[in-house]
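Okay, so here's the structure we're looking at.
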Amino acid sequence: MSAKLTVTPSPHIRDDLDIKKVMYAVVLALIPSAIGGVYFFGLRALVIIVAASLAAIATEAVCQKAIRRPVTISDGSALITGILLAFNLPPGVPYWLPVVGSVFAIAVAKIPFGGLGYNPLNPALVGRAFLLASWPVYMTTTWTAPSRGSLSGISAITTATPLGVFKYVRHILDNPSVGPDEISRANSYLAQLYSSASLKNLFLGNVGGCIGETSVILLLIGAAYLLIKGIICWRIPLSYIGTVALLTWILGGQGLFHGYPLFHVLSGGLVLGAFFMATDMVTSPVTPKGKIIFGVGCGILTSVIRLYGGYPEGVSYSILIMNITVPLIDRYTRPRKLGEVKGS
Amino acid sequence: MAKTFRGGVHPPEAKLTASKPIETIAQPDRVIIPLSQHTGAPSKPTVKVGEEVLIGSKIGEAEGFISVPTHSSVSGKVKAIANYPHPLGRPMPAIEIENDSRDEWIDLSHWTDLTNSSPDEIRRAVREAGIVGLGGAAFPTHVKLSPPEGKTIDTVILNGAECEPYLTGDHRLMLEHPDEIIEGLRVIMKVLGAARGYIGIERNKPDAIDKMSEKVEDEESIEVVGLKVKYPQGAEKQLIKALTGREVPCGGLPMDVGCLVQNVGTSYAIWQALKLGKPLIERVVTVSGSAVKSPGNYMVRIGTTFSHVIEQAGGMDEGCSKIIMGGPMMGIAQHTDQVPVVKGTSGMILLSAQDVRIDEPGPCLRCGKCVDHCPMRLVPNEIARFVEKGRIAEAEAYGILDCMECGVCAYVCPSKINHVHLFKIGKAEIAQRRRKEAGKEG
Ligand code: SF4
Ligand code: SF4
C-alpha cells in the first residue's frame with residue numbers, strides 16, 4: 001500500500017454547515033434591513049453601518065494580535081456585531097459614536113471572555129448599552145424622519161418615534177391631574193397610532209427609529225431565510241414576541257385587556273431583537289425548553305419597560321438581562337433523557 | 001407517517017451497492033482469525049501450530065458465559081498463534097491458518113435440524129456456532145437469548161434498518177434470503193416465548209419491505225414495519241421506541257422493557273447454525289466508497305485481510321486515504337489494510353482524499369444543534385466541555401454513560417467538535433476510577 005492512511009475518530013462524515021457558513025448566513029439575512037436603513041435614512045446610515053463594522057473587525061484583529069491569539073476576523077462574527085450595533089443606533093448620531101461602540105463591544109464584551117463562543121453577553125448590545133449610558137443625548141434625541149414619512153408615522157405629532165408617542169400618551173392618561181382636553185387629544189393620538197395607516201408605516205419601516213429596526217417586513221425576510229436554513233429556531237422569537245403581544249394586550253390600555261398588541265409587536269426594536277439578537281446562539285440557551293423560558297423572560301421585561309419604565313423601548317436591556325440567566329436556565333431545563341424516569 | 005424516534009439526522013445515504021447481489025470472493029491464501037471478535041472474554045486456542053483444520057473446526061474455546069468459540073474459516077494448517085493487527089485498534093492474539101484451497105468442511109452429514117429443539121439446546125447450539133450480533137456490536141447472541149429469571153420478553157425485533165450510509169449487506173440479505181431470516185426470527189421468538197415479532201426496515205429499501213412483507217403475509221405474530229429514513233434508526237433503543245413506543249430505562253437493557261433486538265444477519269446466521277450445523281465462518285461485507293474500483297456486497301470468510309477483500313473488489317484507487325471498518329458514522333478508521341475481517345465487520349469504506357475531512361475543531365457556538373439532534377436527548381456540548389476540562393463527575397451527571405457514540409452530535413456541529421472522541425475519553429476515565437474504587441474496597 002502506498003499512501004499513508006488518515007486515522008481520525010468517528011464520525012467520518014460531517015454536515016456541511018460550519019462556523020463561517022452560520023455567520024455569513026446571518027450577515028446575508030441582515031442585508032435587506034441594511035438596504036432598508038439606507039433607503040429610509042439616507043447615506044448616513046450606510047456610513048454608520050460601515051464604520052461600526054470596520055471598527056469591530058479591526059478591534060478584534062488588534063486585540064487578538066495583542067494577546068497572541070490566532071486572528072479569527074474572517075469567521076464573520078465581528079462583522080455581525082458591527083452591523084447589529086449600527087442597526088441599534090439612531091441615524092443622526094455622529095460618525096465616531098458607532099466606532100466607539102464597536103471598539104467597546106469587541107474589546108470589553110467579547111475578547112476578554114475568550115472570544116467567540118465564550119462571551120456571556122451579546123457584544124453589540126453591550127456596546128449599545130455603553131453608548132446609551134455615556135452619551136444619552138446622542139442616543140435618544142438624534143432621530144431623523146424617514147425620507148418619505150414622519151418620525152412618528154402619524155401626522156398629528158412629528159417629534160417622537162411611535163413608541164415615544166405611546167409613552168407620552170400613557171403619561172398623560174395615567175396622570176390624574178390632566179384636563180379633559182388633554183385626555184381627548186391623547187386619545188386621538190392613540191387612535192392614530194393604532195390606525196391602519198400607522199401600522200402600515202410600521203410594517204414597511206416608514207417611521208423613525210434605529211437604523212435597522214424600523215422595517216418589519218425586511219427583517220422578516222431575513223428571519224425567514226435563517227429559519228429555513230435552520231440557523232435559528234422559532235422558539236425564542238415566537239415566545240418573545242408572543243409574550244409581548246399578550247402582556248401589552250392585557251396591560252397596555254386603560255383597564256385590563258384594552259391594549260393594542262399589534263402596535264407593540266410592530267414598533268421599536270422588537271422584531272430585530274427577537275429574531276436577530278435574542279437568538280444570538282452564544283448568549284441564549286441551548287435547550288428547547290430553555291429557549292422558550294428565555295423568550296418569555298425577554299418578553300416580560302420588554303413589556304414592563306415599555307409600559308412602566310423610564311425608556312420608551314426596552315428590547316436591548318431585556319435581552320442583556322436575560323443573557324445573564326442563560327447558564328442557570330440551561331442547567332435546569334436539560335431535556336429528559338430517553339429512558340430517564342424523572343424523580344427516581 | 002413512518003415510525004421513528006425523536007432526534008437523529010439524515011446524512012447522504014450513499015447506498016452505492018444496493019443493487020449489487022452478494023458475491024462470493026476468491027478465497028485468500030491465509031486467514032488471520034482473532035480470538036477476540038466479540039464483547040466479553042477472548043476464546044482460548046484449542047489447536048497447535050502445525051495442526052490440520054477444516055472449515056468449521058473449532059480453533060478456540062469460549063472462556064466463561066459471555067464468550068463464544070472461534071472456528072476456522074478455511075481448510076488448511078495452523079501456521080502461527082501470535083499477536084496480529086486487529087481492526088478495533090491494538091494488535092491482539094489471533095490464529096493464522098494457511099489455506100490449502102481444498103475448501104473442505106467438517107463432517108456435517110449427520111447433522112439433524114435443530115430448529116425445533118428445546119430452548120436450551122438451541123441456546124447451546126447458537127453458542128457453539130460462535131454467533132454474535134452481526135450489526136457491529138458483536139455481543140454474544142446466546143447471552144441475549146438467555147434472559148435472567150423473572151425477565152420476560154414478549155417482543156423480538158429484527159433490525160433491518162441499516163441506517164449507516166453506504167452499508168447494504170443487510171438489505172441484500174433480506175432480498176436474497178428472506179425465508180431463512182424469517183425462520184431464524186421464529187426460532188428466536190420460540191426460544192424466548194415471545195408472542196410478537198417485528199422486522200424494522202428503513203423506507204429507502206422498499207423492495208426489501210415488500211419482499212419481507214410478502215413472506216409474513218399469513219403470519220399473525222410477525223409484522224414488517226417501514227421506518228423513517230433517519231440515522232440512527234437501527235440503534236437498539238431508538239428502534240424499540242419507534243416500533244413499540246417503549247423506552248429502555250437509562251442504564252438498562254432492552255429486556256427491561258420486554259424486548260430483544262437482533263440484526264437480520266444474525267437471524268440468518270442462527271438459521272444456518274441450527275438447520276445446517278454451520279458455525280459462523282463468513283459474513284456479508286459491503287465494500288464501498290469513492291476509492292474502491294468495484295463497490296459491492298461480498299461474502300467474505302472471517303479472517304480474510306482487508307487487502308485481499310479490496311483486491312477482489314477490483315482494488316483501490318491510488319488516492320485512497322482512509323479505510324473505515326463499518327459505516328462512516330460509527331466505523332473505525334484503520335491504520336493498515338492488513339487487518340482481518342472479523343464477525344463485526346459490516347463494511348469497508350474506502351475514501352479518497354477529497355472525501356476525507358480533517359476539521360480543526362472551533363469554539364462551541366452554543367447553537368444547540370447537538371442538543372436538538374441527540375437521539376438520547378443529552379446535552380452533548382456541555383458534556384464535551386466537562387470532559388475537556390477534566391470535570392468528569394459533571395460529565396457523568398449529565399449522562400455521558402447514556403451516550404451510545406452514534407456521532408450525530410459531531411455530525412451536525414458547525415464547530416466540528418470531536419464529541420465522540422471526547423466521550424470515549426470521558427467514559428474510559430470513569431471506568432478507570434470505578435476500577436480504582438473497587439480495588440480500594442476489595
Ligand atoms: S454520540 Fe452520544 S451525545 Fe452524541 S448524539 Fe449520539 S448519543 Fe447523543
Ligand atoms: S452543535 Fe457544536 S457548536 Fe452547536 S452547541 Fe453543540 S457543540 Fe456547540
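The values are calculated or read from the model by the stated rules, or taken from the named source; none is laboratory data. What you see is a predicted model, and the numbers here were worked out from it, not measured in a lab. Cβ placement follows ideal geometry from the backbone for every residue including glycine, while neighbour counts extend to all protein chains displayed. Heavy atoms of the whole protein, side chains included, go into the accessibility calculation; ligands, DNA and RNA do not. Shrake-Rupley method; radii C 1.70, N 1.55, O 1.52, S 1.80 Å.
Within the protein assembly as shown, antiparallel bridges make up roughly 60 percent of the DSSP beta bridges whose residues both belong there. Where in the range A:2-37 does accessible area fall by at least 50 Å² between the isolated chain and the complete protein assembly, at a 1.4 Å probe radius? By number: A:L5, A:T6, A:V7, A:P9, A:S10, A:P11, A:H12, A:I13, A:R14, A:D15, A:L17, A:I19. Here the simple spin-label model places points 7 Å from the Cα toward Cβ, and for A:L238 and B:K48 these points are separated by 7.5 nm. Taking the DSSP bridge list for chain B and keeping only pairs wholly inside it, about 60 percent are antiparallel.
For chain A, modelled as a GNM whose springs connect Cα atoms under 10 angstrom apart, the maximal fluctuation among A:G255, A:G42, A:G82 occurs at A:G255.
Only protein heavy atoms count here, probed at 1.4 Å, and on that basis chains A and B bury about 4400 Å² of accessible area in total. Restricting attention to the range B:194-280, lysine pairs at least eight places apart or on different chains and with alpha-carbon atoms under 30 angstrom apart total 22. To put it simply, the accessible area of chain A at a 1.4 Å probe is 68 percent carbon and sulfur. Once the 1.4 Å probe is applied to the protein heavy atoms, the range A:19-141 comes out at 39 Å² accessible per residue. In angstrom, the C-alpha Rg and Dmax of the range B:369-441 are 12.6, 45. Heavy-atom accessible area, probed at 1.4 angstrom with all protein chains present, ranks B:F139, A:F257 as A:F257, B:F139, highest first. Summarising the label geometry, the points placed 7 Å from Cα in the beta-carbon direction at A:R68 and A:I183 lie 7.2 nm from one another. For B:E13, the accessible surface of its heavy atoms amounts to roughly 60 Å² (probe 1.4 Å, protein chains only, rounded to the nearest 10). Label separation (B:A397 vs B:E219): 4.9 nm, computed from points 7 Å beyond Cα along the C-beta direction.
Counting only heavy atoms of protein chains, what accessible area per residue, in Å², does the range B:369-441 have with a probe of 1.4 Å? Spelled out: the 1.4 Å probe surface of the range B:369-441, per residue, equals 43 Å².
Ordered by solvent-accessible area of protein heavy atoms (1.4 Å probe), largest first, the residues A:T159, A:T141 come out as A:T159, A:T141.
Lysine pairs in the range B:369-441 whose alpha-carbon atoms fall under 30 angstrom of each other, counting only those eight or more residues apart or on distinct chains, come to 15. Residues A:R336, A:R235, ordered by accessible area of protein heavy atoms at a 1.4 angstrom probe radius and largest first, appear as A:R336, A:R235. For the range A:305-344, a decrease in accessible area of 40 Å² or greater in the assembled protein chains relative to the isolated chain, with a 1.4 Å probe, applies to A:R334, A:P335, A:R336, A:K337, A:L338, A:G339. Of all DSSP beta bridges confined to the range B:118-262, the antiparallel ones make up roughly 5%. Dipole check for the range A:169-309: with +1 at the C-beta of Lys and Arg, -1 at the C-beta of Asp and Glu, and the Cα centre as origin, the magnitude is about 420 Debye.
Rounding to the nearest 10 and keeping the result within 0 to 90°, find how far the Cα-based axis of helix A:315-332 lies from the longest principal axis of chain A. In chain A, helix A:315-332 runs at an angle near 40 degrees to the longest axis.
For the residues A:V137, A:V244, A:V178, a GNM of chain A with alpha-carbon springs under 10 Å puts the largest fluctuation on A:V178.
The charge dipole of the range A:19-141, taken about its Cα centre with unit charges on the Cβ of Lys, Arg, Asp and Glu (plus for the first two, minus for the last two), comes to roughly 220 debye. The accessible-area loss of the range B:409-438 on complex formation, taken against its chain alone with a 1.4 Å probe, reaches 20 Å² or more at B:A410, B:Y411, B:P414, B:K416, B:N418, B:V420, B:H421. Taking B:Q354, B:Q37, B:Q233 in turn, the Gaussian network model of chain B (Cα-Cα springs below 10 Å) assigns the largest fluctuation to B:Q354.
Angle of helix A:77-87 to the longest C-alpha principal axis of chain A, folded into 0 to 90 degrees and rounded to 10: 0°.
Accessible area per residue for the range B:146-295 is 33 Å², calculated with a 1.4 Å probe on protein heavy atoms, without ligands, DNA or RNA. Surface composition of chain B: carbon plus sulfur atoms contribute 51% of the solvent-accessible area (1.4 Å probe, protein chains only, all chains present). In terms of the Cα gyration tensor, with a ≥ b ≥ c the square roots of its eigenvalues, is the range A:19-141 rounded because a/c is under 1.5, prolate because a/b exceeds b/c, or oblate? Oblate, since a/c reaches 1.5 and b/c is not below a/b. Total lysine pairs in the range B:1-128 at Cα distances under 30 Å, for residues eight or more apart or on different chains: 10. Each of B:G368, B:G426, B:G315 was placed along the dipole of the range B:297-442 (beta-carbon charges, centred on the mean Cα), and the one lying farthest toward the positive end is B:G426. Under 12 Å from a label point set 7 Å out along the Cα-to-Cβ vector of B:K211, no amide N atom of the range B:266-292 is found.
Which angle between 0 and 90 degrees, to the nearest 10, do you get for helix A:216-228 versus the longest principal axis of chain A when only C-alpha atoms count? Taking Cα atoms only, the helix is inclined about 30 degrees.
For the range B:300-331, the residues whose amide N sits under 11 Å from a probe point set 7 Å from the Cα of B:E176 along the beta carbon direction are B:300.
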